[in-house]
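**Student:** Please read through the structure below; I'll follow up with questions.
Every read-out reported here was derived from the displayed coordinates using simple, explicitly stated rules and does not represent laboratory data. Predicted model only: the values in this text are computed from it and were never measured. No Cβ is skipped: glycine too gets one built from the backbone with ideal geometry, and neighbour counts run over all protein chains shown.
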Amino acid sequence: MISMSIKNQFSKHANEYNNFNIIQQIAAKALVRDIKNKPKNILEIGCGSGQVYKYISWDVEKYNAIDFSASMCKIHPKNKNLEVACYDFDSNEFYDFLKNKKFDIVISSSAMQWSKDLKKLVGFLSETTNEINAVLFTSNTFKTIQNITKSNSPILSLEKIEEAFSTYYKCDFEVHTYNLEFENKKELFDYIKNSGVSGASATLDFKTAKRLFKEYKLNYLEFEVIFVKTISKL
């Protein structure tokens, strides 16, 4: 395993953006930028509304995109070489879909951290491809909020993510931290509710939410993402 840690600081005012997924967009763009060999047969896990796909600038022969959300699959871009399917990537239906398939690369941005059994998922993927490029949020995202509310992150830890991939592949890992700044607390808390990476933080009871609003002194939210690039199978 090659392990590499790079700390990046990213600061932007959230009200400059008309959406709540700016960190996911940065991750998606970086993920595609790091793909050098222009693979022709691609599987994307957790495709959402097409954030990753829109950055694919080369011709592909086959692009399979899967997502848990039917509404996301519906608004994903369409193309003659693109097949969008609605699967829970932890389901037996998805594992059946993978059987006897081969991909030049499997890619995923801001999705696989939600797997109920990431090691099992990576194991199935290893039977279909030699190469995985993925970006995952880690449990250190919103770390100060967890400390104040004394809650555990619903997102997998950095160690669990590295272990899952390293069971089947020799990997290169890069860890990036981002700080997203806000003009005021209302904007900050609106982002927590709408960002898609908040998990339990978005559904706090009134008493805990009130304490968090009072005690959270930072003008930014913390994000930690890990970029995973497989080098070879073990």
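**Student:** Considering only Val84, Phe213, Val106, whose Cα is most displaced toward the positive end of the charge dipole of the chain, charges sitting on Cβ of Lys, Arg (+1) and Asp, Glu (-1)?
**Tutor:** Phe213
**Student:** Kirkwood Rh over Cα pairs of region 133-181 into Stokes-Einstein at 10 °C, 1.306 mPa s: D in µm²/s?
**Tutor:** Estimated diffusion coefficient is 129 µm²/s.
**Student:** Report the label-to-label distance for Lys99 and Asn152 in nanometres (one decimal), using points 7 Å from each Cα along the Cα→Cβ vector.
**Tutor:** Calculated label separation equals 3.4 nm.
**Student:** For Lys185, give me every one of the aspartates and glutamates with a C-alpha distance below 12 angstrom, ignoring sequence neighbours fewer than eight places off in its own chain.
**Tutor:** Excluding near neighbours in sequence, the set is Glu215.
**Student:** Using 0.36 nm times the number of residues separating Asp172 and Asp117, minus their current alpha carbon distance, what extension gain do you get?
**Tutor:** Difference between extended and current length: 17.7 nm.
**Student:** To the nearest 20 debye, what charge dipole does the chain have about its Cα centre, counting +1 at the Cβ of each Lys and Arg and -1 at the Cβ of each Asp and Glu?
**Tutor:** Magnitude of the dipole: close to 240 debye.
**Student:** In whole Hz, with x marking every Gly and Pro, tabulate ³J(HN,Hα) for region 70-80 from phi via Karplus 6.51 cos²θ - 1.76 cosθ + 1.60, θ = phi - 60°.
**Tutor:** 3J(HN,Hα) across region 70-80, in whole Hz: 5, 5, 5, 4, 5, 9, 5, x, 10, 7, 5.
**Student:** Here's something else I'd like to know. Please quote Rg/Rh for the chain to two decimal places, taking the Kirkwood radius as Rh and restricting both calculations to Cα atoms.
**Tutor:** 0.97
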